[in-house]
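> Here you go, one structure.
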Amino acid sequence: MLSLLRSSSAALALLAVTMPPALAADVDTIAIVTPEQGTDFGWNQQGIEGLEAAAKATGTEAIIAQGLGYGNVRPTLRELAEDGAQLIIAHASGYSTEAIEVAKEMGVHMVTGNPSEPPLVANYNLTAEKGAYLAGVLAAKMTRTKVLGIVVSSESPNWNAQSAGFAQGVRATSPEIELRYAIIGPAAYADVAGARRVTESVIASNADIIFGQGNGSSFGMIQAVETVTPPSGEKVWFIDVIGDKTSIDKGHLLSSVIWDMAPVFTQMVEDVRADTFGTNTYALALEDGSQRLLQTGHIPAEIWAELEAVKAQIIAGEITVDLVLEPAATRAMMSTTLAAAE
């Protein structure tokens, strides 16, 4: 179900009035389209909250079109452009082709997951391998069984980058730790039952910390963490990605690799105004906090201080975190791989 909201009022009908192409400095309305509702503590929610924060920071109005699914979004993109949105975030990789077409047709600035086509179309590359490296350091310092699990809902480039970053952080901290890598399926983003089953099997191999990447399926991972005990009898911790599930934590959320999209979206608005939109790839960074490790009360103060020191070394270039996007290269970094198809 499509939900469309303006930040300044309740839901309003879109105006069927064709708008001329936005001028470089003329940005007063920005919009985002998402495939799911913004209540997932993940990709959709972070995108919507990021747009709202960027609107506040730049003095613009935000229009939210959520729950669009993965079908044809051209009509909605056209309506947003007609309603005056000068910058639209097409917040799903499957929207890229349609977004590029509408950007050229309507003369509106559009952000997609595809390469940039300035001055109208820009790319955002949201990988958080450096934040995941910090998560790996954290897990290596807090594991008691010396077995860690990585559970993913697919081998997408984003997940590959984070899995590899996590593995690099673990290996740099404690090379002898075993890494159990499990893939729920080729595109199991919403497979809660499958996620629970696979995560339970990883915990059964004595993993006491699970690094989970799953969108909706992450709730199945959490169910396993909350209910299953490894053979060692140790408590199992969960490290999440993208959002902050602290409000629903039952005592097992150790941390999360946060994707804060507000700084990224804010820079996009500023670049449209400066007529430099699309000349650079927009990405998450440790420097501006757009990718960061969530601090919870479960992390001892001395370990958090060590993590802050490692973060400073990464920012300074003293520690290099390789960006790994290919599944084969990611799998090569693991001790054991369990794929659903195997």
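The values are calculated or read from the model by the stated rules, or taken from the named source; none is laboratory data. All values reported here derive from a predicted model rather than from experimental measurement. In this analysis, Cβ positions are derived from the backbone assuming ideal geometry, glycine residues included, and neighbour counts consider all displayed protein chains.
> Mind checking whether some residue in the range 179-192 is modelled with pLDDT of 95 or more and assigned to a helix (DSSP H, G or I)?
Within the range 179-192, one or more residues are modelled with pLDDT of 95 or more and assigned to a helix (DSSP H, G or I).
> To continue, here is another question. Out of all the residues in the range 269-286, which are among the aliphatic types (A, V, I, L, M) and surrounded by 20 or more Cβ atoms within 10 Å (Cβ to Cβ)? Talk me through it step by step, then tell me what you get.
Of the range 269-286, the ones among the aliphatic types (A, V, I, L, M) are 269, 272, 274, 283-286.
Listed by number, the residues that qualify are V269, V272, L284.
> Can you tell me which condition K250 does not meet? The list is (1) in the same structural domain as D208 (by TED's automatic domain parsing); (2) closer than 26 Å to G212 by Cβ, and all the others hold.
Every listed condition holds for K250 apart from (1).
> From E176, E129, E155, which residue is touching a Pro at 6+ places or on another chain (Cβ under 7 Å) and among the charged types (D, E, K, R)?
E155
> Out of V151, V121, report the one residue that is closer than 30 Å to E105 by Cα, crowded, with 21+ Cβ neighbours inside 10 Å and touching a residue at least 12 places away in the same chain (Cβ under 8 Å).
Details: V151 fails: closer than 30 Å to E105 by Cα.
None of the others qualify; the one that does is V121.
> State which residue is surrounded by the most Cβ atoms within 10 Å (Cβ to Cβ) when the search covers only the range 287-310 and only residues that are under 23 Å from Q46 (Cβ atoms) and touching a residue at least 60 places away in the same chain (Cβ under 8 Å).
Here the answer is Q291.
> Condition check: under 22 Å from P118 (Cα atoms), in contact with an Asp or Glu (Cβ under 9 Å, 6 or more places away or on another chain) and touching a residue at least 60 places away in the same chain (Cβ under 8 Å). Does T58 satisfy that?
Values: under 22 Å from P118 (Cα atoms): yes; in contact with an Asp or Glu (Cβ under 9 Å, 6 or more places away or on another chain): yes; touching a residue at least 60 places away in the same chain (Cβ under 8 Å): yes.
The answer is yes for T58.
> Only one of these is within 27 Å of D322 (Cβ to Cβ), hydrophobic (A, V, I, L, M, F, W, C) and modelled with pLDDT of 95 or more: M106, M142. Name it. Can you show your working first?
Details: M106 fails: within 27 Å of D322 (Cβ to Cβ).
Going through M106, M142 in turn, just one is within 27 Å of D322 (Cβ to Cβ), hydrophobic (A, V, I, L, M, F, W, C) and modelled with pLDDT of 95 or more: M142.
> Still on this model: Which residues, counting only those in the range 269-302, are assigned to a loop (DSSP other than H, G, I, E, B), under 30 Å from L253 (Cβ atoms) and of a type in the set (S, T, Y)? Step through it out loud before you land on a result.
Going residue by residue through the range 269-302, those that are assigned to a loop (DSSP other than H, G, I, E, B) are 275-281, 284-290, 294-300.
In the following step, the residues that additionally are under 30 Å from L253 (Cβ atoms) were identified as 284-290, 294-300.
Those that are assigned to a loop (DSSP other than H, G, I, E, B), under 30 Å from L253 (Cβ atoms) and of a type in the set (S, T, Y): S290, T296.
> Considering every residue within the range 229-241, establish whether at least one is over 18 Å from S156 (Cα atoms), outside any loop (DSSP other than H, G, I, E, B), among the aliphatic types (A, V, I, L, M) and touching a residue at least 12 places away in the same chain (Cβ under 8 Å).
Yes, because at least one residue in the range 229-241 is over 18 Å from S156 (Cα atoms), outside any loop (DSSP other than H, G, I, E, B), among the aliphatic types (A, V, I, L, M) and touching a residue at least 12 places away in the same chain (Cβ under 8 Å).
> Tally time: how many residues in the range 245-259 are crowded, with 20+ Cβ neighbours inside 10 Å and either in a helix (DSSP H, G or I) or within 13 Å of the chain's Cα centre (by Cα) (or both)?
4
> Moving on. I need every pair where a residue in the range 128-142 that is in contact (Cβ under 8 Å) with a residue 40 or more places away in the chain and crowded, with 24+ Cβ neighbours inside 10 Å has its Cβ under 7 Å from the Cβ of a residue that is assigned to a helix (DSSP H, G or I) and of a type in the set (D, E, K, R), sequence separation at least 6 or different chains.
What qualifies is L134/K311.
> Going residue by residue through the range 219-240, is there one that turns out to be at pLDDT below 95 and closer than 25 Å to S290 by Cα?
Within the range 219-240, none of the residues are at pLDDT below 95 and closer than 25 Å to S290 by Cα.
> Quick one: would you say A164 is assigned to a loop (DSSP other than H, G, I, E, B), hydrophobic (A, V, I, L, M, F, W, C) and buried (at least 19 other Cβ atoms within 10 Å of the Cβ)?
Numbers: assigned to a loop (DSSP other than H, G, I, E, B): no; hydrophobic (A, V, I, L, M, F, W, C): yes; buried (at least 19 other Cβ atoms within 10 Å of the Cβ): yes.
Against the criterion (assigned to a loop (DSSP other than H, G, I, E, B), hydrophobic (A, V, I, L, M, F, W, C) and buried (at least 19 other Cβ atoms within 10 Å of the Cβ)), A164 does not qualify.
> For the range 253-276, which positions are under 14 Å from I30 (Cα atoms) and of a type in the set (F, W, Y)?
Selection gives F265 alone.
> Please state which one of V102, V73, V33, V27 is assigned by TED's automatic domain parsing to the domain that holds G278, more than 29 Å from L294 (Cβ to Cβ) and in contact (Cβ under 8 Å) with a residue 60 or more places away in the chain.
Unique residue meeting the criteria: V27.
Per-residue answers, yes or no, for (1) outside any strand (DSSP E or B); (2) among the polar types (S, T, N, Q); (3) buried (at least 19 other Cβ atoms within 10 Å of the Cβ):
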site: G47; (1), (2), (3): yes, no, yes
site: A53; (1), (2), (3): yes, no, no
site: A62; (1), (2), (3): no, no, yes
site: L68; (1), (2), (3): yes, no, yes
site: L77; (1), (2), (3): yes, no, yes
site: L80; (1), (2), (3): yes, no, yes
site: G84; (1), (2), (3): yes, no, no
site: I88; (1), (2), (3): no, no, yes
